[in-house]
Amino acid sequence: KVEDCYFSVVGYEHSDGTRCLLRYVPDPSGDRVDLNGKRYRKLTHSESLSFGRFREFVRDGIFVIPHARVERIFKPDELLDEICKRDSEVRRIAEFFNMPKMGVTGSRLIGLKGESSDVDFVVYGKRWFDLGREKIRKGIKSKILQECDYEYVYKKRRVTLPFDVFVAHERRKNNRAILDGTMFDLLYVRDHDEKSPIPERKGKK
């Protein structure tokens, strides 16, 4: 959180500032309401880059916010228990996985979920991420879980792949499903002891 705006952190290297994207900004007519009754709206990537505030911190398509400007960091794993107490949908899905090394991120992490918000779980470490994907595969097979609405996700993400190719990849990944009418997905984040040789700088398409 910076002032009264919320950013989503990207990447693992933050030595020169917190690398992030501007996601939620105050708006009296916004469709998101925080726990104190203040209204917000969600920005697309292009909207965030053209938003009036914080533009001096834009670098290579993301924001690099000086550490001194960051007022609060919301950590998915540390806040999971607290969120489960106020959000029954998150609690049911967390109980389904019953794993350590996970947390909830996205709008539910900061108390700004919308009517159609899905649940974005973070899983730390490849071992636990692979176990979570296997739980999803078995859950769909046993009909405890349902396959997600791929058409909805396709339209929401504005995917440029042909629809049938998109669905083939989504099914292969086994990281998205529905439990009791609530759609959720698993997002992999490296654990502390996991390294990658891939540099974190803007590449070429």
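The values are calculated or read from the model by the stated rules, or taken from the named source; none is laboratory data. Here the structure is a predicted model, which means the values were calculated and not measured. Cβ sites come from the backbone with ideal geometry, for glycine too, and all protein chains shown count toward neighbours. Just the protein is used for accessible areas: all its heavy atoms, side chains included, with ligands, DNA and RNA removed. Shrake-Rupley method; radii C 1.70, N 1.55, O 1.52, S 1.80 Å.
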Note to self: Against the conditions (1) of a type in the set (A, V, I, L, M); (2) crowded, with 16+ Cβ neighbours inside 10 Å; (3) at pLDDT below 95, where does V33 fall short? Just the number, please.
What the structure shows: (2)
Notebook entry, point to check: Out of the residues in segment 10-25 that are at pLDDT 95 or above and closer than 25 Å to R158 by Cα, which is most open to solvent (accessible area, probe 1.4 Å)?
Noted result: R23
Check: So which of Y152, Y188 ends up being open to solvent by 70 Å² or more (accessible area, probe 1.4 Å), within 22 Å of D77 (Cα to Cα) and not charged (D, E, K, R)?
Finding: Y188
Check: Within segment 40-78, how many residues turn out to be assigned to a strand (DSSP E or B), free of Cβ contacts under 8 Å to residues at least 40 places away in the same chain and under 20 Å from the mean Cα position of the chain (by Cα)?
Finding: 1
Notebook entry, point to check: Residue check: is R172 of a type in the set (D, E, K, R) and either open to solvent by 80 Å² or more (accessible area, probe 1.4 Å) or in contact with a His (Cβ under 7 Å, 6 or more places away or on another chain) (or both)?
Noted result: yes
Notebook entry, point to check: What number of residues within segment 53-106 satisfy the criterion of being among the aliphatic types (A, V, I, L, M) and open to solvent by 50 Å² or more (accessible area, probe 1.4 Å)?
Noted result: 3
Notebook entry, point to check: For S117, are the conditions met, namely being touching a residue at least 60 places away in the same chain (Cβ under 8 Å) and among the polar types (S, T, N, Q)?
Noted result: no
Notebook entry, point to check: All but one of (1) over 30 Å from E194 (Cα atoms); (2) β-branched (V, I, T); (3) part of a helix (DSSP H, G or I) hold for V167; which doesn't?
Noted result: (1)
Check: Residues of segment 147-178 being among the hydrophobic types (A, V, I, L, M, F, W, C) and in contact with a strand residue (DSSP E or B) (Cβ under 8 Å, 6 or more places away or on another chain), which ones?
Finding: C148, V153, A177, I178
